[in-house]
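The values are calculated or read from the model by the stated rules, or taken from the named source; none is laboratory data. This one's a predicted model, so the numbers in the text were calculated from it and none came from an experiment. Cβ placement follows ideal geometry from the backbone for every residue including glycine, while neighbour counts extend to all protein chains displayed. Keep in mind that these areas ignore ligands, DNA and RNA; they rest on the heavy atoms of the full protein, side chains included. Shrake-Rupley method; radii C 1.70, N 1.55, O 1.52, S 1.80 Å.
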Amino acid sequence: MRAVVQDRYGPPEVLRIEDIEKPIPRDDEVLIRIRATTVTQTDTHARAAHPFFWRFMIGFRRPRWRTLGVELAGEIEAVGAAVSEFSVGDHVFGQGAGSQWLGAHAEYICLPESAPLAHKPAGMSFEEAATVCDGALQALSTLRLADARDGRRIVIYGASGSLGTAAVQLGKHFGAHVTAICNTKNVELVRSLGADEVVDYLLEDFTKNGQTYDAIIDAVGKYAFFRGRRSLKPGGMYVATDFGRSALETIVVAIGSRWVGTRRMKFAMGRRNKQDVLLMKELIEAGKYRAVIDRRYPLEQVAEAHAYVETWQKTGNVVLTVSGPIHP
């Protein structure tokens, strides 16, 4: 089978297409023919081992996983003897977990039946379904830390990315008042996702508008606790989703905020489980969530896709089509 592989860390050019052995499912696994996947910021960080702390998770000298890719949509081609939830021919979407959290930039992948995996929402294309899980499951983690619910006022900084577009929609689903921060070109898109207020950061600093909030979610790792803390109400929560410029600084601030003042900083690790994937399927089929796709690339152009994601200018998600454009 074809897969995107790398043998060293570096720029997008370290990626190449190679024929590798097709996996065989174990008794508790399913073999998925991948139709579409995505290139996420996680993929670019893992490819380059940047920031440096990534090496402690994915291999210090060289990549422990040769093939990247955290989310996917496709069809079941084979099932293990102990599998009962899925059958051959089922259309599925989801992502890996644990030791199998990477590997979706390939034609096939084996995942445990218990992985964050579910039947694809009815009426949704493979390309759309492939974009759901990474951003939405991270968004759910941030919103839970922010205690998003009726009466809560939350800010989503970086509301036009994969996590951000998901957090806007899910925040409204939970009943929170959502103030979304993005740039000029994405104001109308973010407003269409349901945000109560949209602030163009190129024109206005939301921390100077005199309002205070129960929580600020930094969806892109580009903001800072100290910039936003005065816009937090006493007891408010700042939720980080990326280590930003310095992992050590983020950790020190998160720990220090527990002891100084009443405003807190926490780091959302992004819980990944089947229950949340099933929740997303339910919301999609109820018309309460939609995928946002910026660009589509064939698998052969994976390096170009990585280069684009690294500009930090993508809107929503960047899709890799493994077998060309495919519809429900």
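The figures follow:
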quantity	calculated
Over 23 Å (Cα to Cα) - which of 233/288; 185/233; 120/274; 233/281 fall in this group	233/288; 185/233; 233/281
Per-selection metrics, the stretch 1-109 (Cα): Rg and Dmax in Å	14.4, 42
Computed [θ] at 222 nm, helices only, for the chain once each DSSP H run of length n ≥ 4 contributes -39500 (n - 2.57)	-7000 deg cm²/dmol
Most positive-pole-ward Cα, 299, 87, 58, against dipole of the chain from beta carbon charges	58
Relative contact order (%) - criterion: Cα under 8 Å, at least six apart; region: the stretch 170-237	25 percent
Pairwise FRET efficiency - residue 64 versus residue 28, Cβ, R0 = 22 Å, nearest 0.05	0.45
For the stretch 276-298 and the stretch 173-236, distance of Cα centres in Å	23 Å
Under the Karplus curve 6.51 cos²θ - 1.76 cosθ + 1.60, θ = phi - 60°, whole-Hz ³J(HN,Hα) for the stretch 200-215, x wherever Gly or Pro sits	7, 5, 6, 10, 8, 9, 5, 6, 10, 8, x, 8, 10, 9, 6, 7
Solvent-accessible area of residue 321 with every protein chain in place, 1.4 Å probe, in Å² to the nearest 10	10 Å²
Linear extension gain, residue 173 paired with residue 85, 0.36 nm per residue minus alpha-carbon span	28.9 nm
Relative contact order computed over the chain (Cα-Cα under 8 Å; 6+ residues apart), in percent	20 percent
Solvent exposure, largest accessible area first (probe 1.4 Å, DNA, RNA and ligands not counted), of 56, 174	56, 174
Under the span-like rule (Cα at least 15 Å along the axis, Kyte-Doolittle mean at least -0.5), DSSP H helices of the chain	133-145, 162-173, 274-285
Highest-MSF residue in the chain out of 305, 73, 36 [GNM, Cα springs under 10 Å]	305
